[in-house]
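Contents: one structure, followed by commentary.
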Amino acid sequence: MRHWPDRTHKELRASKLLVLLFPALVLLAACDNRPAPPGAGGKHRAPPVELVLVDGRPAPEVLAENQVLRRGNGEEPRTLDPHRSQGVPAGNILRDLFEGLTTEAPDGDIIPGAAMRWNISRDGKEYTFYLHRNLQWSNGDPLLAHDFVYSLRRAADPATASNNANMLLPIAHAAEVISGRLPPDQLGVVALDDYSLQIRLVDATPYFLGLLSHTIAYPVHRPSVEQYGDQFAREGNLVSNGAYWLQSWEPRAQIVLIRNPYYREAELSLMDKVVYLPIEDLSGEVNQFRAGELDWTYEVPNNQFAWLQKNYPEELVVSPWLGSFFFGFNLSREPFVEEPGLRRALVLAIDRELLTEKVTQFGEEPSFALVPPGIGDYEPSIPEYAGWTQQQRVEEAQRLYQQAGYSADNPLRTEIRYNTSENNKKLALAVASMWKQELGVLTTLVNEEWKVFLQNREQKILTEVFRAGWISDYNDPYSFLELFRSGEARNDFAYSNPSFDAFLEEIAKERSPQRRNRMMREAERLLLEDNPILPVYTYVSKRLVDPHVQGWQSNVMDHHYSRYMYKLKSRSASPDAGEQPAEAPVQEEHATGDRS
Amino acid sequence: MSGLGRFAASRILGLIPTLLMLITIAFFLIRVAPGGPFDGEKALPDEIRLNLEAKYHLDEPLLQQYFRYIGQILTLDFGPSFQYKDWTVNELIALGFPVSLTIGGLAMLLAFFVGSLVGIVAALRQNSATDYTIMGLAMVGVSIPNFVIAPFLILGAAVYLGWLPAGGWEWQAQYMVLPVLTLALPVIAYIARLMRGSMIEVLHSNYIRTARAKGLPEYLIVLRHALKPALLPVISFMGPATAGLITGSVVIERIYSIPGLGSYFVQGALNRDYTLVMGVVIFYGFVIVVLNFVVDLLYAWLNPKIRYEKG
């Protein structure tokens with residue numbers, strides 16, 4: 001440093017001083033333990049008034065004047081075509097735009113939607129739906145049974161290229177239509193007249209009504225599809241039958257939905273306008289919530305969870321979600337092929353309570369089973385060792401490990417492969433350390449980008465232990481079990497057990513719910529005996545919700561329809577205080593426009 | 001101006017092979033990555049996957065796809081986005097570019113004027129306390145990444161004070177302030193240092209000494225004689241820097257939830273959205289090439305010697 005010109009010294013000194021300011025600021029900020037005012041910004045938010053219900057509906061005097069809901073929605077939806085959409089963000093928006101034959105209540109129960117009632121034949125294979133008589137599309141066109149027939153055919157048609165087409169497999173001939181062996185008009189769906197349609201199934205499918213509330217079964221407006229083709233879901237073109245219609249779509253900026261006056265229950269929905277904001281950065285989402293710009297977030301970032309629990313306890317909502325997080329074993333190659341004992345050892349050696357308490361920390365339930373709890377009357381099959389102490393589990397693990405031929409001199413060498421994510425990394429690291437500590441296993445961690453990861457999992461050439469998990473499409477344990485059928489598309493575990501497959505077949509045909517639950521439990525038990533997976537925890541949904549927003553309920557599918565929600569007034573002197581920057585009163589626009 | 005005109009023409013011709021090379025390399029590079037646009041956690045039924053690949057011509061031999069794509073490009077049609085199925089790439093770029101351009105453009109303008117001004121002041125008061133403060137701050141500004149500055153700005157101005165929105169985008173000034181500021185700060189710092197160094201050098205040159213000897217007032221010396229040559233390094237830095245900023249800063253756009261072009265680069269690649277990635281890469285390449293060309297022109301205008309050197 002001595003031979004630098006003198007001015008550089010002075011400059012460096014000056015900048016060093018300034019640089020020291022920086023961490024000082026950081027320390028100051030970190031030491032600030034005052035709870036942040038909820039959704040403050042410069043406008044201090046008053047709490048909402050007490051909720052007053054009259055006949056189960058909120059009394060008019062407690063409702064805010066501007067019923068506008070601003071929802072953070074994660075990623076930009078890939079498409080708003082219900083048949084081609086995938087992912088939760090698109091699903092949220094579609095649930096507000098469209099309605100299927102059935103729909104869901106705020107608590108997740110399946111209730112009549114476009115169909116006001118239905119008959120199910122004795123053998124459970126024939127469903128007859130009777131639609132409401134006055135259904136209309138958002139442009140005033142009547143919505144009739146043949147719209148549903150057209151839409152289900154379109155969803156199954158391979159030309160539509162729907163990712164979710166396989167959900168329609170329970171319908172007669174769906175398998176042939178999807179694979180192109182039969183034309184779509186051979187699908188087992190037929191309109192008996194303008195207001196009734198009949199669907200024939202391959203086997204009695206107890207979760208079929210729930211399936212019909214999924215986006216794959218939503219009706220689409222035929223003239224629009226035929227006129228606009230791939231662009232029928234765009235602003236100005238989209239005609240929908242749900243509680244809202246699409247007012248504007250600015251990609252990656254916002255999607256604005258406005259109340260659909262033609263919706264069958266329009267008078268019951270209180271929320272006038274819904275703005276979906278695709279905020280990818282979870283920290284950014286929290287910031288916008290705190291600044292009062294959002295009422296509802298998509299999620300919360302893991303690393304802020306503890307802080308949010310302390311500072312925003314009322315706003316933070318955590319509830320069980322129908323999903324399981326587990327690691328999978330590749331049963332088709334070394335070192336896990338034909339080694340159930342070794343796999344069991346690895347399953348036993350980890351401490352799940354520790355993982356959920358200290359590593360992930362968002363209140364997930366540790367899990368030993370495949371199917372999460374909370375699905376109707378189904379009781380997951382909990383293995384015996386779930387009741388042991390961790391000490392006992394570790395002892396058994398060590399015994400099995402040695403029995404498989406491994407020891408301190410001959411440790412197992414394996415890898416855990418996961419896709420890029422902070423959470424995955426932490427968990428993989430923790431699991432690897434636990435294995436090392438209790439058994440002496442030497443584990444390499446392999447971090448891959450998502451698409452590469454998926455491809456490797458599918459090919460099963462490189463994988464040994466990999467991060468897996470499953471979030472259910474519909475509210476039934478079968479959704480989890482069928483993942484493990486031999487040769488199933490996402491069966492990256494190479495699990496193939498003919499008894500298990502036979503079980504799945506029988507379960508598909510079983511009509512009695514109690515017997516079916518028992519059989520599924522038994523199938524799950526069979527599966528867990530073979531240890532193709534290492535269960536860790538069941539998912540929870542976690543987000544921030546402004547206390548002004550009411551009418552929603554936590555449910556395991558995490559489906560929240562905007563039409564059930566409403567906003568309470570703020571508790572303070574001036575009537576409009578504390579809300580978002582005042583929105584212009586919503587125009588009573590009718591969704592007309594030239595659709596000819 | 002014929003010297004300048006000939007100069008310009010020769011540079012324009014040079015654009016075409018550059019762009020072609022860019023297109024070719026990008027085209028084959030993205031297809032080398034494992035995984036395709038239609039891989040997802042839910043496996044696609046085979047028939048559907050085949051249909052999709054046929055629809056997007058992904059089942060054709062690679063060379064055939066390449067020539068088909070070049071043909072499409074010549075009509076300025078970048079194709080449909082694989083990922084955002086309701087949109088074409090042209091539409092997405094047309095919607096995203098104005099946003100990135102506004103933010104990036106304003107940031108560059110701010111950086112240029114403030115940075116140059118501050119740099120000139122520091123140069124004129126060389127080795128004084130002012131000089132050291134300014135350069136010290138500049139050093140800090142250059143070292144701290146913008147994704148560190150951004151959260152501070154957001155927490156301060158948006159969350160705690162509520163003066164500005166914490167993110168999101170509308171065509172209103174309040175949504176632009178923080179992103180522009182965050183983008184501009186490091187560039188201001190860099191330009192300030194650049195300008196200062198360059199101005200000091202110019203002020204020591206012979207012709208300036210002559211002008212002083214002739215009795216010209218200092219401010220005229222600076223404005224009329226020193227400024228143009230001192231600007232040269234700054235201009236030459238700003239060409240590619242502007243290109244980078246106006247095509248979208250991935251980080252800033254993510255932090256502030258701004259619908260610019262930046263995230264299409266990353267998301268497009270991660271999702272193997274071949275057409276979108278190609279579209280933005282070509283667009284970016286084009287912008288860089290054009291801006292470099294503009295820089296060259298400006299250079300030639302600022303320093304006539306260059307025009308005639310190329311003869």
Identify the residue in the stretch B:191-228 that is small (G, A, S) and in a helix (DSSP H, G or I) and, among all such residues, is nearest to B:L137 (Cα to Cα).
B:A192
Residues in the stretch B:126-141: is at least one at pLDDT below 90, touching a Pro at 6+ places or on another chain (Cβ under 6 Å) and within 12 Å of another protein chain (Cβ to nearest Cβ)?
yes
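For (1) polar (S, T, N, Q); (2) open to solvent by less than 10 Å² (accessible area, probe 1.4 Å), each residue gets a yes or a no:
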| residue | (1), (2) |
| --- | --- |
| A:N531 | yes, yes |
| A:P535 | no, yes |
| A:Y539 | no, no |
| A:R543 | no, no |
| A:P547 | no, no |
| A:S554 | yes, no |
| A:M557 | no, no |
| A:R563 | no, no |
Matching residues in the stretch A:106-115 - criterion: being over 17 Å from the mean Cα position of the chain (by Cα) and either part of a loop (DSSP other than H, G, I, E, B) or more than 17 Å from A:D558 (Cβ to Cβ) (or both)
A:I111, A:P112, A:G113, A:A114, A:A115
Residue within the stretch A:82-97 that is surrounded by fewer than 19 Cβ atoms within 10 Å (Cβ to Cβ), closer than 26 Å to A:N237 by Cβ, in contact with a strand residue (DSSP E or B) (Cβ under 6 Å, 6 or more places away or on another chain) and at pLDDT 95 or above present:
no
Restrict the check to the stretch A:123-145 and report whether at least one residue is assigned to a helix (DSSP H, G or I) and under 30 Å from A:Y262 (Cα atoms).
yes
For A:H146, state whether it is in contact with a helix residue (DSSP H, G or I) (Cβ under 8 Å, 6 or more places away or on another chain) and in contact (Cβ under 8 Å) with a residue 12 or more places away in the chain.
no
Does the stretch B:6-23 contain any residue that is of a type in the set (G, A, S), within 12 Å of chain A (Cβ to nearest Cβ) and assigned to a helix (DSSP H, G or I)?
no
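Per-residue answers, yes or no, for (1) small (G, A, S); (2) closer than 30 Å to B:G40 by Cα:
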{"position": "A:S407", "(1), (2)": "yes, no"}
{"position": "A:P411", "(1), (2)": "no, no"}
{"position": "A:E415", "(1), (2)": "no, yes"}
{"position": "A:N424", "(1), (2)": "no, yes"}
Checking the condition free of Cβ contacts under 8 Å to residues at least 12 places away in the same chain, of a type in the set (A, V, I, L, M) and more than 14 Å from chain A (Cβ to nearest Cβ), which residue from B:A184, B:A213, B:A243 passes?
B:A213
In the stretch B:57-96, how many residues are facing chain A (nearest Cβ under 10 Å) and not charged (D, E, K, R)?
10
Yes or no: B:Y274 in contact with a His (Cβ under 8 Å, 6 or more places away or on another chain) and open to solvent by 10 Å² or more (accessible area, probe 1.4 Å)?
no
Residue ID - farthest from A:A175 (Cα to Cα), chosen from residues in the stretch B:33-53 that are more than 8 Å from chain A (Cβ to nearest Cβ) and not in a loop (DSSP other than H, G, I, E, B):
B:E53
Only one of (1) part of a helix (DSSP H, G or I); (2) open to solvent by less than 10 Å² (accessible area, probe 1.4 Å) is not met by A:R515, so which one is it?
(2)
Name the single residue that is farthest from the chain's Cα centre (by Cα) among those in the stretch A:366-405 being surrounded by 15 or more Cβ atoms within 10 Å (Cβ to Cβ) and among the charged types (D, E, K, R).
A:E396
How many residues of the stretch A:150-183 are crowded, with 22+ Cβ neighbours inside 10 Å, at pLDDT 95 or above and not small (G, A, S)? The answer is 2
Selection status of A:F362, open to solvent by less than 20 Å² (accessible area, probe 1.4 Å), aromatic (F, W, Y), assigned to a strand (DSSP E or B) and within 19 Å of A:T538 (Cβ to Cβ)
no
Let me spell it out: the conditions are (1) surrounded by fewer than 20 Cβ atoms within 10 Å (Cβ to Cβ); (2) without any contact (Cβ under 8 Å) to a residue 40 or more places away in the chain, and A:A432 meets all of them except one. Which number is the exception?
(1)
Report yes if some residue within the stretch B:21-37 is open to solvent by 40 Å² or more (accessible area, probe 1.4 Å) and closer than 30 Å to A:M167 by Cβ; otherwise report no.
yes
Being more than 22 Å from B:R272 (Cβ to Cβ) and open to solvent by 30 Å² or more (accessible area, probe 1.4 Å), is that true of even one residue in the stretch A:444-461?
yes
Would the stretch A:320-334 turn up any residue that is touching a residue at least 24 places away in the same chain (Cβ under 8 Å), in a helix (DSSP H, G or I) and touching a Phe, Trp or Tyr at 6+ places or on another chain (Cβ under 9 Å)?
no
Criterion violated by A:I111 - all others in (1) touching a residue at least 24 places away in the same chain (Cβ under 8 Å); (2) in contact with a Ser or Thr (Cβ under 7 Å, 6 or more places away or on another chain) satisfied:
(1)
Looking at (1) open to solvent by 50 Å² or more (accessible area, probe 1.4 Å); (2) more than 14 Å from chain A (Cβ to nearest Cβ), find the lone condition where B:S205 falls short.
(1)
Answer yes if at least one residue in the stretch A:201-213 is open to solvent by 10 Å² or more (accessible area, probe 1.4 Å), among the hydroxyl-bearing types (S, T, Y) and not in a loop (DSSP other than H, G, I, E, B), and no otherwise.
no
Any pair with Cβ under 6 angstrom, 6 or more apart, that starts in the stretch B:10-30 at a residue that is more than 23 Å from B:L297 (Cα to Cα) and ends at one that is open to solvent by 70 Å² or more (accessible area, probe 1.4 Å)
none
Cβ contacts < 7 Å: first residue closer than 14 Å to A:P158 by Cβ, restricted to the stretch A:180-200; second residue among the hydrophobic types (A, V, I, L, M, F, W, C) and not in a strand (DSSP E or B), any location; separation 6+ or different chain. Result?
A:P184/A:A156; A:P184/A:V177; A:Q186/A:V177; A:L187/A:L152; A:L187/A:A156; A:L187/A:A174; A:L187/A:V177
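The values are calculated or read from the model by the stated rules, or taken from the named source; none is laboratory data. Because the structure is a prediction, the values reported are computed rather than measured. Glycine gets a Cβ as well: all are built from the backbone with ideal geometry, and neighbour counts include every protein chain shown. The accessibility values were calculated without ligands, DNA or RNA, using every heavy atom of the protein model including side chains. Shrake-Rupley method; radii C 1.70, N 1.55, O 1.52, S 1.80 Å.
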